[in-house]
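Just so you know, all these numbers are worked out from the coordinates, no wet-lab data involved. It should be emphasised that the depicted structure is a prediction, and the values quoted were computed from it without experimental measurement. For neighbour counting, all protein chains shown are included, and Cβ atoms are generated from backbone atoms with ideal geometry for every residue, glycine included.
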Amino acid sequence: MTLLYIYILWVAACVDSISADSHITVSARVGSTVVLPCNLRKEFTKTPHVRWHTDVGFVFDRSSGGKYIDPGYEGRVDIPEDELRKGNCSLVLKNVRITDDGAYKSFVVEYVDRTNTSKTQEISRVELSVDAFQISAQVGSTVVLPCEWSDLSIQTPHVEWYIDSEIVFERKGKDSYQGEGYEGRVDVPEDELLKGNCSLVLKNFSATDAAVYRSSMLVKQKNRKLVQKVKLSVYGKWISLRRY
């Protein structure tokens with residue numbers, strides 16, 4: 001019993017010496033530089049092996065063998081090697097994009113020489129909230145929520161506009177769906193969508209329409225890729241568009 005208790009304490013100490021931050025939320029503006037915090041709480045003589053992922057895929061990997069970057073983050077992310085040896089595994093992300101919005105996780109990879117295997121341990125989770133475009137619209141007016149999609153290779157683009165988990169509008173080719181309360185008031189014209197214009201046209205704007213809207217393109221068997229994030233609010237007389 002005593003040996004088991006000592007073993008549990010030893011495991012807890014080892015985990016604490018590696019892991020640091022739990023769940024953190026960081027906000028950033030489009031075009032800015034943001035740091036996603038991560039701390040190993042100890043220094044290393046050799047460069048430790050650290051990876052960063054999002055919920056949908058790989059972002060960055062650095063070890064003594066070099067670094068690897070996902071093409072979507074090329075030239076925008078880094079963990080300086082000298083900082084990593086000090087235990088600072090924070091990810092520096094430059095030129096923030098709307099599509100960077102989401103959950104990020106960092107991991108440390110440790111190798112066991114005796115068995116020639118490796119084990120991966122989560123270090124931290126960071127929720128990156130990219131500030132939305134902000135649009136103010138007059139009640140009763142028609143407002144356009146901007147959205148552009150650069151990949152025109154998809155023959156039948158599939159776009160969704162939603163608030164949290166509630167679908168506002170969805171179009172795939174000629175088929176479309178208008179969410180409850182938006183019937184007859186919202187559209188993404190098919191001909192415009194084929195050109196990469198996924199902007200949502202919202203008619204007869206009402207005060208209850210004020211919310212944060214997100215648009216996503218669904219590719220490769222419903223792999224959702226965030227395209228735009230817009231905060232829509234009520235304004236007395238004028239319609240304005242600015243970065244939030």
- request: Give the order of Ile135, Ile163 when sorted by the count of other beta carbons within 10 angstrom, beginning with the fewest.
  value: Ile163, Ile135
statement: Once the in-chain neighbours fewer than 8 apart are removed, the aspartates and glutamates whose Cα is under 12 Å from Lys119 read Glu110
statement: Asp78 and Ser165 label points (each 7 Å along its Cα→Cβ direction) are spaced in nm at 4.1
query: Tell me, Phe169, Phe133 in order of fewest to most beta-carbon neighbours within 10 Å?
result: Phe133, Phe169
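So if each residue of separation counts as 0.36 nm, and I subtract the Cα-Cα distance between Glu127 and Thr156, what length gain in nm does that give?
That pair, Glu127 and Thr156, stretches by 7.3 nm at full extension.
If we count other beta carbons within 10 Å of each Cβ, what is the order of Thr45, Thr99, fewest first?
Working: Thr45 6, Thr99 14.
Ordered from fewest to most neighbouring Cβ atoms within 10 Å, Thr45, Thr99 come out as Thr45, Thr99.
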